[in-house]
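What follows is a short report on a single structure.
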Amino acid sequence: MTPKQISEAVSAIFDRVHGYRTYLHRYPELSFQEHNTMLFVSETLSKLGIRHDKGVGKTGVVAYIEAPNSTRWIGLRSDLDALPIQEENEVEYKSLVLGVMHACGHDAHTAILLGTAELLQKNRESLPCSVKLIFQPGEEMAPGGANYMIDAGVLEDPKPEYLVALHVYPEMTVGKVGVRSGLYMASSDEIHLQFIGVGGHGALPANCVNPLSMAAEVILNAQKIIDEFHPEGVPTVLSFGRIEGLGSTNVIPSECTLKGTLRTMDEAWRTEFFERFTRFVNEVATRYGGSVEFERAPGYPFLKNDPHVTKGVQQSLKLQLGEAHVEDLPLRMTAEDFAFYSHKVPVCFFRLGVGDPAKTMNYGVHHPKFDIHADALRVGVEAMLSVVFNG
Ligand SMILES: [Zn+2]
Ligand SMILES: [Zn+2]
């Protein structure tokens, strides 16, 4: 398909894609509970006559669109899950499920991939390669649905040469897309610390071992590990977001918990940081006369966009949307479970602008007022088709 044919074909099915998105937005489901969403995807694919398996990796769907004259396969991926957030938008398609909302745009991702599926199927005679469509569950919840999909064999038989995914990006105006080659998103690890001291009267601190003091020292000084030892050029962020020591103005508690996160982009350094961090928190606790229990809950690895695949994606996006509508992206310290695939096959994860130019304020993802400009659905389907036909 030429860029013009793609644009016309997408315009012709826009209302349907918009309908998919508003339906999914009304009926969001939490991670690994996407049973209705899975059935919706499956039924839509059945109506389009597309071969697929459901219940893959718990509640995922994998569809297959075969090119008549190619043995090559590539993969396109979407995610299905919503978040435990009460929607605050007053829109006609507002979530009908109390306390659950598509606040990360996964409804849009799924609608876009279903629209893409329809047009790939209609134009399969001219497909340059076969396409595996991956609708995965549980992006928002560790250990990540990508893991279950990989374990279920989604990267095998037939093996995709590479995978491409898009993600909504409210920081960017609708009509634009963003791409970054190489390192793009961070690994994530949760840090759970429990300091144990000796509680007592706040007026007699000499008789106590104050666990809050240990926590305070860790908050203020753990950054030194990064300053001193992080490999040059490897972005690293350590932050603490929760401290809990339930004493009072005149009571020193015997325990204090501290929670935070480490984000970085190098696996060897990620391991080394935690070796040093473990020694550091133990040293602090011992020096104060207390002890500490430290638990690291590993999240997703860093995400690296393959330079070769990314170049192809970038060129096809420029061809479809125009040079001025394809921007370079900055590094991002958030994490994304698509990263798991990127450690197995070459990938490109790019961003879809969904910001409304008429609004003075576009809310970020995971915000109760997050929403997308509907035109982004059209751009998303065009982008995915262009990646297949012109990549
Ligand atoms: Zn999210
Ligand atoms: Zn997301």
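Working from Cα positions, state the angle (0 to 90°, nearest 10) between the long axis of helix 211-221 and the longest principal axis of the chain. That helix lies at roughly 60 degrees to the long axis. Here the dipole of the chain is about 620 debye; that uses its Cα centre as origin and unit charges on the Cβ of Lys and Arg (positive) and Asp and Glu (negative).
The label-point distance for Glu125 and Glu161, in a model that sets each label 7 Å from Cα toward Cβ, rounds to 2.4 nm. With Cα atoms defining each centre, the stretch 195-274 and the stretch 1-68 are spaced 45 Å apart in the structure.
Within the accessible area of the chain, the carbon and sulfur atoms contribute 51%, probe 1.4 Å, all protein chains present.
Among the listed pairs Lys176/Lys304; Lys224/Lys344; Lys47/Lys344; Lys4/Lys176; Lys311/Lys369, a Cα-Cα separation exceeding 23 Å is found for Lys224/Lys344; Lys47/Lys344; Lys311/Lys369. For the chain, the alpha-carbon radius of gyration amounts to 1.12 times the rule-of-thumb value 2.2 N^0.38 Å expected for a compact globular protein. Note that the stretch 64-128 shows a convex hull volume over its alpha carbon atoms of 98 Å³ per residue. Hey, what angle do you get for helix 106-122 against the long axis of the chain, alpha-carbon based, 0 to 90 degrees rounded to 10? Here the helix axis deviates by roughly 20 degrees. Taking every protein chain into account, the accessible area of the chain amounts to 43 square angstrom per residue (probe 1.4 Å). Applying 1/(1 + (r/R0)^6) with r as the Cβ-Cβ distance of Ile219 and Met141 and R0 = 22 angstrom yields a FRET efficiency of 0.20. Peptides 259-268, 231-240 ranked from most to least packed, by the mean per-residue count of other Cβ atoms within 10 Å: 259-268, 231-240.
So what does the Cα-only Debye profile of the stretch 20-77 read at q = 0.22 Å⁻¹, as log10 I(q)/I(0), no solvent term? With no solvent term, the Cα-only Debye profile gives -0.94. Phi angles across the stretch 37-53 convert, under the Karplus curve 6.51 cos²θ - 1.76 cosθ + 1.60 with θ = phi - 60°, into 3J(HN,Hα) values of 4, 4, 5, 4, 4, 4, 5, 5, 5, 4, 4, 7, x, 9, 5, 7, 10 Hz, Gly and Pro given as x. Rounded to the nearest 500, the 222 nm mean residue ellipticity of the chain from helices alone is -11000 deg cm²/dmol, with -39,500 (n - 2.57) taken per DSSP H run of at least 4 residues. Angle of helix 307-321 to the longest C-alpha principal axis of the chain, folded into 0 to 90 degrees and rounded to 10: 50°. Highest-first packing order for the peptide set 335-342, 156-163 is 335-342, 156-163, based on the mean count of other beta carbon atoms within 10 Å. Between Glu228 and Glu272, residue separation times 0.36 nm minus the direct Cα-Cα distance comes to 14.6 nm. Taking 19 Å as the straight-line reach from the Cα of Lys54, the lysines in range (excluding those fewer than 8 positions away in the same chain) are Lys132, Lys159.
The values are calculated or read from the model by the stated rules, or taken from the named source; none is laboratory data. Treat the numbers as computed from the prediction; the structure is a model and nothing was measured. All Cβ positions, glycine included, derive from the backbone under ideal geometry; neighbour counts span all protein chains shown. Calculation scope for accessible area: heavy atoms of the full protein, side chains included, ligands and nucleic acids excluded. Shrake-Rupley method; radii C 1.70, N 1.55, O 1.52, S 1.80 Å.
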